[in-house]
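Only one structure is covered here, and it is reproduced in the block below.
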Amino acid sequence: MEVTETFIKGLFVIKPRVFEDARGYFFESYNNAAFEKAGLNLNFVQDNQSLSQKGVLRGLHFQNPPFAQGKLVRVITGSVYDVAVDIRKGSPTYGKYFGLELTEANKWMMYIPPGFAHGFLTLEDDTVFSYKCTNYYNKASEDCVLWNDPEIGINWDLKAEPLLSDKDKEGKKIKDLISQF
């Protein structure tokens, strides 16, 4: 398992070692020792899964302290363009984003620590997305950064208008966010 920190401190891409043969494939989707070796001592307490059709955009979501969550995310079926935005006050990369295509084929994952807003755009129908979380969901702590905030400038490479929830349509611009991180 290859665990690599991105240009944004604390944000990691994980590439598992995949064993394939005529029967199919096998890989470790989580290995605590590999994460600890990379300096990530995590305690996952909740797993979430979503199903989305092509063109659904979910995000950019986060939970405020004391319910802030770290998330280990991956695609089980289909593909997404996955994005994390740094919302940590005082961070040299505040307001910057990192995006990566996570697919059923590449089996890559991303670890997104607390202090980041997270979202994804589904690139295929029937995409199943999995999240391992370091804290429990708490509705009163959830918040959302606007997915198309021009100040962040995420290149979603949209071919059509995305399908959005009402919450995601009404996210905050980063200039209006009072970050608790």
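Dividing the helix sum by the residues of the chain, where each DSSP H run of 4 or more adds -39500 (n - 2.57), gives a mean residue ellipticity at 222 nm of -1000 deg cm²/dmol. Between E20 and N48, the modelled label-to-label distance comes to 3.1 nm, taking each label 7 Å out from Cα in the direction of the beta carbon.
Under unit Cβ charges (Lys, Arg +1; Asp, Glu -1), what dipole magnitude, rounded to 20 debye, does the chain have relative to its Cα centre?
Rounded to the nearest 20 debye, it is 480 debye.
Sorting 122-133, 37-48 by average packing, meaning the other beta carbons within 10 Å per residue, from highest down gives 122-133, 37-48. Taking other residues whose beta carbon is less than 12 angstrom from the beta carbon of I8, and scoring Lys, Arg as +1 and Asp, Glu as -1, yields +1.
Between E101 and K159, 0.36 nm times their residue separation minus their Cα-Cα distance comes to what? Please report the intermediate quantities before stating the final value.
Working: separation 58, 0.36 × 58 = 20.88 nm, distance 1.58 nm.
Full extension of this stretch gives 19.3 nm more.
Ranked by how many other Cβ atoms sit within 10 Å of their own Cβ, fewest first, the residues W147, W108, W156 fall in the order W156, W108, W147.
With each label modelled as a point 7 angstrom along the Cα→C-beta vector, the E142-K89 pair spans 2.5 nm.
Annotation for region 88-119 versus region 67-81: alpha-carbon center distance of 10 Å.
Each value in this text was obtained by applying a stated rule to the coordinates, not by laboratory testing. Just so it is clear, the model here is predicted, and its values are computed rather than measured. We place every Cβ from the backbone using ideal geometry, glycine too, and count neighbours over all the protein chains shown.
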